[in-house]
Amino acid sequence: DTTARDDMVSQQISLSGWPFAVYCALVFAYFILMEWRIGGTLGKLFMQVQVVNRSGGRISLPASLVRNALRIVDAFPFLFPYLVGLLVVAASRNKQRVGDMAAGTLVVAGHQPLEQPSEAGQFGHRYQ
């Protein structure tokens, strides 16, 4: 029946209002909790990089909150997403974006247990 098929095709999911706010909260929570508890999101873990504090250890919950809250600054301007973040990373000595600088965090190559730094005392080459 074409009417039933047309009805199915014309239905849309709209993320506005409360559904959009819930979606944003879930995405924000994903980044905060994953970086705080295991050192990175699934993408970072797949790419074998992790977020660490300046001592090479696990980041704190407040640091994860600050790092991720400032994504809005790094993502500006929205016409060219993450242009500010790219420029700041390119210009910073430790290749940190604004959120990393404010939170005292680094994104480093290699995935190692966060409780202990490697024998050399570092986790590898720093990059964002």
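The values are calculated or read from the model by the stated rules, or taken from the named source; none is laboratory data. Nothing here was measured: the structure is a model prediction, and the numbers come from that model. Quick reminder, even Gly has a Cβ in these numbers, built from the backbone with ideal geometry, and neighbours come from all protein chains shown. Heavy atoms of the whole protein, side chains included, go into the accessibility calculation; ligands, DNA and RNA do not. Shrake-Rupley method; radii C 1.70, N 1.55, O 1.52, S 1.80 Å.
Exactly one residue out of VAL52, VAL66 is without any contact (Cβ under 8 Å) to a residue 60 or more places away in the chain and either among the aliphatic types (A, V, I, L, M) or in contact with a Lys or Arg (Cβ under 8 Å, 6 or more places away or on another chain) (or both), and it is VAL66.
Answer yes or no: is there a residue in the range 14-21 that is surrounded by 13 or more Cβ atoms within 10 Å (Cβ to Cβ) and either modelled with pLDDT of 95 or more or not hydroxyl-bearing (Ser, Thr, Tyr) (or both). Taking every residue of the range 14-21 in turn, none turns out to be surrounded by 13 or more Cβ atoms within 10 Å (Cβ to Cβ) and either modelled with pLDDT of 95 or more or not hydroxyl-bearing (Ser, Thr, Tyr) (or both).
Just to be sure before I move on: is LEU45 open to solvent by 80 Å² or more (accessible area, probe 1.4 Å) and aliphatic (A, V, I, L, M) in the structure I sent? Give the steps one after another, and end with the answer.
Values: open to solvent by 80 Å² or more (accessible area, probe 1.4 Å): no; aliphatic (A, V, I, L, M): yes.
The answer is no for LEU45.
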